[in-house]
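Notes to accompany the following structure.
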Amino acid sequence: MTRQDPVSFFDQQHAENYDARNERMTPIVGNLHFLMDLVLGDLPDDARILSVGVGTGSEIIALAERRLGWTFVALEPSQAMHAKCREKIGTNGLAGRCECLNGYLSDLDEGEKFDAVLCLLVTQFILDTAERQEMFDAMAAHLRPGGYLINAEISADIASPKFDGMVEKWAAMQAQRNMTAEEVSKNISMMKQHVAVVPPADIEAMLANSGLSNPTQFFQSLLIHAWYGRK
């Protein structure tokens, strides 16, 4: 994340409730993690993976279970979410394979390289297009030759007549997360105010501009899209 991101959203209360509130999204998240493992399947047995804005670390835990030789760096700017991630990494016996850092991409050594960089549901919070491009550029700069960048975010063409119908389905999904009607309405309102929802084609263009070859969408679930590109 960049310094302008709403890290304050992810406070102690949010961190403590994050996994429980997202439990009903397990089928979506599980499918994304499964497909990510397939995309990254040709990486070396000792691959090193960076996860940016890692939250509570679910993607690292999922990949570590499948790829026993991989090591990870979990980068999270929110202190509360970072603490929760460290706790989960330890509980899952991964402390020896995962370094947890409380910070931003700019805090990494410029020469530090990875076989893959993951960034899941983070970049939509970068409201300024130029800053979002800078973030893609920074992540791509930390890739080894042949390395993958996987990015997932809320994406849609808000000018399309299909958008309102998709938001209705998104709201229905939110309602299944043990949220009241008032909370769902507030969540949708917050998304419209604090999330930069742009068309998938724009994301692919930004990934290409960061030097990645053939950015490819490999996943969609309602408004959540995911792409991979290679250095």
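Outside any strand (DSSP E or B), under 15 Å from F114 (Cα atoms) and open to solvent by 10 Å² or more (accessible area, probe 1.4 Å): which single residue out of L43, L35 fits that description? That would be L43, the only listed residue that is outside any strand (DSSP E or B), under 15 Å from F114 (Cα atoms) and open to solvent by 10 Å² or more (accessible area, probe 1.4 Å). Here's a check for you: in segment 62-72, which residue that is out of contact with any His (no Cβ under 6 Å at 6 or more places or on another chain) and open to solvent by less than 20 Å² (accessible area, probe 1.4 Å) is farthest from G147 (Cα to Cα)? Top of the filtered list is A64.
Out of L143, L108, one residue alone is crowded, with 18+ Cβ neighbours inside 10 Å, out of contact with any helix residue (DSSP H, G or I) (no Cβ under 8 Å at 6 or more places or on another chain) and farther than 23 Å from L32 by Cα. It is L108.
Go through segment 148-164 and report how many residues are without any contact (Cβ under 8 Å) to a residue 24 or more places away in the chain and part of a loop (DSSP other than H, G, I, E, B). Qualifying residue count for the region: 4. Could you grab me the full set of residues in segment 213-226 that are part of a loop (DSSP other than H, G, I, E, B) and open to solvent by less than 10 Å² (accessible area, probe 1.4 Å)? Once the filter is applied, which keeps residues that are part of a loop (DSSP other than H, G, I, E, B) and open to solvent by less than 10 Å² (accessible area, probe 1.4 Å), segment 213-226 yields only L223.
Per-residue answers, yes or no, for (1) open to solvent by 60 Å² or more (accessible area, probe 1.4 Å); (2) modelled with pLDDT under 95; (3) among the basic types (K, R):
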residue: A74; (1), (2), (3): no, no, no
residue: N92; (1), (2), (3): yes, no, no
residue: D115; (1), (2), (3): no, no, no
residue: L121; (1), (2), (3): yes, yes, no
residue: L127; (1), (2), (3): yes, yes, no
residue: I154; (1), (2), (3): no, yes, no
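In the set E65, E99, which member is of a type outside the set (A, V, I, L, M), part of a strand (DSSP E or B) and without any contact (Cβ under 8 Å) to a residue 40 or more places away in the chain? Result of the check over E65, E99: E99.
The values are calculated or read from the model by the stated rules, or taken from the named source; none is laboratory data. Just so we're clear, the structure is a prediction, and the values are computed from it rather than from any experiment. FYI the Cβ positions are ideal-geometry reconstructions off the backbone, even for glycines, and counts take in every protein chain you see. Areas reflect the complete protein model, heavy atoms only, side chains present, ligands, DNA and RNA absent. Shrake-Rupley method; radii C 1.70, N 1.55, O 1.52, S 1.80 Å.
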